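**Student:** Got a structure for you, written out below as structure tokens; questions coming shortly.
The values are calculated or read from the model by the stated rules, or taken from the named source; none is laboratory data. This one's a predicted model, so the numbers in the text were calculated from it and none came from an experiment. Counting neighbours? That spans all protein chains shown, and the Cβs are built from the backbone with ideal geometry, glycine included.
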Number of protein chains: 2
Amino acid sequence: MSTTFKTAATKTADVDGTPFVYREIGPTGGIPVVLLHHLTATLDDWDPRIVDGLAAHHHVVAFDNRGVGGSGGTTPTTVADMARDAVAFIEKLGFAQVDLFGFSLGGFIAQVIAESNPNLVRKLVLTGTAPAGGEGVANVGAVLQDAFAKAGETNTHPKQHLFFTPSRPGLTAAAEFLARLQERTEGLDKPVSNETIQAQITAIVGWQEADPSGLAAITQPTFIANGDRDIMVPTINSFELARRLPNAQLSIFPDAGHGGIFQYHEIFVKQVLDFLR
Amino acid sequence: MSTTFKTAATKTADVDGTPFVYREIGPTGGIPVVLLHHLTATLDDWDPRIVDGLAAHHHVVAFDNRGVGGSGGTTPTTVADMARDAVAFIEKLGFAQVDLFGFSLGGFIAQVIAESNPNLVRKLVLTGTAPAGGEGVANVGAVLQDAFAKAGETNTHPKQHLFFTPSRPGLTAAAEFLARLQERTEGLDKPVSNETIQAQITAIVGWQEADPSGLAAITQPTFIANGDRDIMVPTINSFELARRLPNAQLSIFPDAGHGGIFQYHEIFVKQVLDFLR
């Protein structure tokens, strides 16, 4: 198996007749860490420093959920269906228990899996995410549009506006993160389709209407992290999540947005490795 | 100098004619970490695991502020005056720059010092504390009374009720913390007087009326920590502090109260050592 995410082969698993693409690195045999991606993301959107950092001690598996990037099928329009697809993929790979690391939409999915399949999940890492009913979550369409407009006007990447603060350290962190995403030059994933993005936004808007009371039953140790000024999934939601989950630790990074874990990837990796130990 | 807080000698500094008692351990020569104590606390109320943990890498100085425990003089009734007294003590010891570690009321004082004497402060550690105007801070008198009543009825220590959650892990952590405070058996500090407690409560109530806008000017790196269900200084204040301070990192511990840093002293010491490095 490759020792870096940059050069990890893209593999395919047949999940009930649908091909799901994934990449895996790190030592096998322990509890794998399964990554659940964000809105618009494919395999190529994970920060290689975070994946490599975790893979120094864990078997790490990233995959595209149904309909996303190189995976087949049609992206469902609810978080619950996305969670079912993710569980089917995890079971297809033969894992009896996993640690889930969900970012943003992936964090919604991780929460649903922990509720619906508690025995499948050992620990949870929830970043840039929110409980069901979370404040401001349903604005994501408008926030996306605004960022795309800004990016177009200034000839910059939308992620700079969506994931980072406009301060000097924020802009530097954005440039470094975007450069890291360019490190892989071969065997790239397919980008998401507009249909997938629409379906994901529908699922996210639906999350705002869902009921967070089930969180009280999630007893798995949980590590929550975010930047202190997230405009996609407002930071207050991380706090609310930590208050609702019985066994959650929270870490909030300064002068950082939705991509706070990318900006502070060194500290974050250290925190997660400590937490998973 | 003693290598453990348990056996550290209690020394006295003459601060403008008033004797201030203090204890210090750890390697000298670097930036010292000065501890600012909580309501009712004396030198004997610091968790020896935290002081020893920090002193493995830092010169750590704990002291009783004016009128508290073995220190002379009368406890002032404002946080601003307490901050002036603390600065006078720090200058008396000849420190040109320090890291401040304030717990609860001590965290209020640390914020005022960082605002009034920015060059004196390199980094801030603020635990179980709140910005000026913080939610629920002025209820401290009622919360204290309630805890003392519960403690009397159940023949338990008030700190069990004030600092820890009533869950099984919370009760275990309370018992372990209270046992650690008993480790030192010689050269104990004098307890605080009722007059001191009254003056401190007056200062805390005044803090609720004070203006938090100056926090935006505190550019020092700050590490904020608390339990997720603090009944003395409600946890929401830690979040609010992190949002207002330009350069703050936040850590919230699960199933933990005002004494969350004592309950999670191993993780907390590690986090603070990383932060101060």
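**Student:** Name the pairs: first residue in the stretch A:254-277 and within 26 Å of A:Ile31 (Cα to Cα), second residue surrounded by fewer than 19 Cβ atoms within 10 Å (Cβ to Cβ), Cβ to Cβ under 6 Å, at least 6 apart or on different chains?
**Tutor:** A:His265/A:Arg49; A:Leu273/A:His57
**Student:** Please pick out the residue among B:Gln208, B:Gln271 that is modelled with pLDDT under 95, closer than 26 Å to B:Arg66 by Cα and either touching a His at 6+ places or on another chain (Cβ under 6 Å) or more than 8 Å from every other protein chain (Cβ to nearest Cβ) (or both). First the steps, then the outcome.
**Tutor:** Values: B:Gln271 fails: closer than 26 Å to B:Arg66 by Cα.
Just one listed residue meets the conditions, B:Gln208.
**Student:** B:Lys150 - would you say it is part of a strand (DSSP E or B) and surrounded by fewer than 23 Cβ atoms within 10 Å (Cβ to Cβ)?
**Tutor:** Details: part of a strand (DSSP E or B): no; surrounded by fewer than 23 Cβ atoms within 10 Å (Cβ to Cβ): yes.
So B:Lys150 fails the test.
**Student:** Something else now. From B:Val233, B:Val192, B:Val272, B:Val205, grab the single residue that is under 26 Å from B:Gly141 (Cα atoms), in contact with a strand residue (DSSP E or B) (Cβ under 9 Å, 6 or more places away or on another chain) and not acidic (Asp, Glu). Walk me through how you get there before you give the answer.
**Tutor:** Numbers: B:Val192 fails: in contact with a strand residue (DSSP E or B) (Cβ under 9 Å, 6 or more places away or on another chain); B:Val272 fails: under 26 Å from B:Gly141 (Cα atoms); B:Val205 fails: in contact with a strand residue (DSSP E or B) (Cβ under 9 Å, 6 or more places away or on another chain).
Exactly one of B:Val233, B:Val192, B:Val272, B:Val205 is under 26 Å from B:Gly141 (Cα atoms), in contact with a strand residue (DSSP E or B) (Cβ under 9 Å, 6 or more places away or on another chain) and not acidic (Asp, Glu), namely B:Val233.
**Student:** Another question, if that's okay. Which one is nearest to the other protein chains (Cβ to nearest Cβ), of the residues in the stretch B:211-242 that are outside any loop (DSSP other than H, G, I, E, B) and touching a Phe, Trp or Tyr at 6+ places or on another chain (Cβ under 7 Å)?
**Tutor:** Going residue by residue through the stretch B:211-242, those that are outside any loop (DSSP other than H, G, I, E, B) are B:212-217, B:222-227, B:236-242.
When the remaining residues are screened for being touching a Phe, Trp or Tyr at 6+ places or on another chain (Cβ under 7 Å), the result is B:223, B:225, B:227, B:239.
Details: B:Phe223: 10, B:Ala225: 10, B:Gly227: 11, B:Phe239: 5 Å.
The selected residue is B:Phe239.
**Student:** Within the stretch B:223-261, work out how many residues are touching a Gly at 6+ places or on another chain (Cβ under 9 Å) and of a type in the set (A, V, I, L, M, F, W, C).
**Tutor:** Of the residues in that region, 11 qualify.
Results for (1) more than 23 Å from A:Ala210 (Cα to Cα); (2) under 16 Å from the mean Cα position of the chain (by Cα); (3) at pLDDT 95 or above; (4) part of a strand (DSSP E or B), shown as yes or no for each residue.
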position: A:Phe20; (1), (2), (3), (4): yes, no, yes, yes
position: A:Gly30; (1), (2), (3), (4): yes, no, yes, no
position: A:Ile50; (1), (2), (3), (4): yes, yes, yes, no
position: A:Gly73; (1), (2), (3), (4): yes, no, yes, no
position: A:Ala83; (1), (2), (3), (4): no, yes, yes, no
position: A:Gly94; (1), (2), (3), (4): yes, no, yes, no
position: A:Asp99; (1), (2), (3), (4): yes, yes, yes, yes
position: A:Gly102; (1), (2), (3), (4): no, yes, yes, yes
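**Student:** Out of B:Asp52, B:Asp81, B:Asp99, which single residue is surrounded by fewer than 24 Cβ atoms within 10 Å (Cβ to Cβ) and under 27 Å from B:Glu240 (Cβ atoms)? Full working, then the answer.
**Tutor:** On the way: B:Asp52 fails: under 27 Å from B:Glu240 (Cβ atoms); B:Asp99 fails: surrounded by fewer than 24 Cβ atoms within 10 Å (Cβ to Cβ).
On inspection, the qualifying residue turns out to be B:Asp81.
**Student:** Please give the number of the condition B:Ala256 fails out of (1) within 13 Å of another protein chain (Cβ to nearest Cβ); (2) farther than 26 Å from B:Thr10 by Cβ; (3) outside any loop (DSSP other than H, G, I, E, B); (4) of a type in the set (A, V, I, L, M, F, W, C).
**Tutor:** (3)
**Student:** I've got another one for you. Restricting to the stretch A:112-141, what's the tally of residues that are closer than 18 Å to A:Ala216 by Cα, assigned to a helix (DSSP H, G or I) and touching a helix residue (DSSP H, G or I) at 6+ places or on another chain (Cβ under 7 Å)?
**Tutor:** Of the residues in that region, 5 qualify.
**Student:** Could you identify the single residue in A:Asp14, A:Asp44 that is part of a strand (DSSP E or B) and modelled with pLDDT of 95 or more? Even if it seems obvious, please write down each step before you answer.
**Tutor:** Details: A:Asp44 fails: part of a strand (DSSP E or B).
None of the other options fit; the residue is A:Asp14.
**Student:** Is it the case, given these coordinates, that A:Leu215 is modelled with pLDDT of 95 or more and out of contact with any Lys or Arg (no Cβ under 6 Å at 6 or more places or on another chain)? Talk me through it step by step, then tell me what you get.
**Tutor:** Numbers: modelled with pLDDT of 95 or more: yes; out of contact with any Lys or Arg (no Cβ under 6 Å at 6 or more places or on another chain): no.
Criteria not met by A:Leu215.
**Student:** Hey, another quick one. Among A:Leu188, A:Leu144, A:Leu245, A:Leu171, which is under 18 Å from the mean Cα position of the chain (by Cα) and either more than 14 Å from every other protein chain (Cβ to nearest Cβ) or surrounded by 15 or more Cβ atoms within 10 Å (Cβ to Cβ) (or both)? Working first, answer last.
**Tutor:** Details: A:Leu188 fails: under 18 Å from the mean Cα position of the chain (by Cα); A:Leu245 fails: under 18 Å from the mean Cα position of the chain (by Cα); A:Leu171 fails: under 18 Å from the mean Cα position of the chain (by Cα).
It is A:Leu144.
**Student:** For the stretch A:56-78, does any single residue satisfy the condition of being more than 21 Å from A:Leu120 (Cβ to Cβ), among the aliphatic types (A, V, I, L, M), touching a residue at least 24 places away in the same chain (Cβ under 8 Å) and in contact with a helix residue (DSSP H, G or I) (Cβ under 9 Å, 6 or more places away or on another chain)?
**Tutor:** Yes, the stretch A:56-78 contains a residue that is more than 21 Å from A:Leu120 (Cβ to Cβ), among the aliphatic types (A, V, I, L, M), touching a residue at least 24 places away in the same chain (Cβ under 8 Å) and in contact with a helix residue (DSSP H, G or I) (Cβ under 9 Å, 6 or more places away or on another chain).
**Student:** On the given criteria, is B:Phe262 buried (at least 19 other Cβ atoms within 10 Å of the Cβ), part of a helix (DSSP H, G or I), touching a helix residue (DSSP H, G or I) at 6+ places or on another chain (Cβ under 7 Å) and modelled with pLDDT of 90 or more? First the steps, then the outcome.
**Tutor:** Numbers: buried (at least 19 other Cβ atoms within 10 Å of the Cβ): yes; part of a helix (DSSP H, G or I): yes; touching a helix residue (DSSP H, G or I) at 6+ places or on another chain (Cβ under 7 Å): yes; modelled with pLDDT of 90 or more: yes.
Considered against the rule, which asks whether it is buried (at least 19 other Cβ atoms within 10 Å of the Cβ), part of a helix (DSSP H, G or I), touching a helix residue (DSSP H, G or I) at 6+ places or on another chain (Cβ under 7 Å) and modelled with pLDDT of 90 or more, B:Phe262 comes out as yes.
**Student:** With the structure loaded, tell me whether A:Ala203 is touching a residue at least 60 places away in the same chain (Cβ under 8 Å) and assigned to a helix (DSSP H, G or I) or whether it fails that test.
**Tutor:** Working: touching a residue at least 60 places away in the same chain (Cβ under 8 Å): yes; assigned to a helix (DSSP H, G or I): yes.
So A:Ala203 fits the description; yes.
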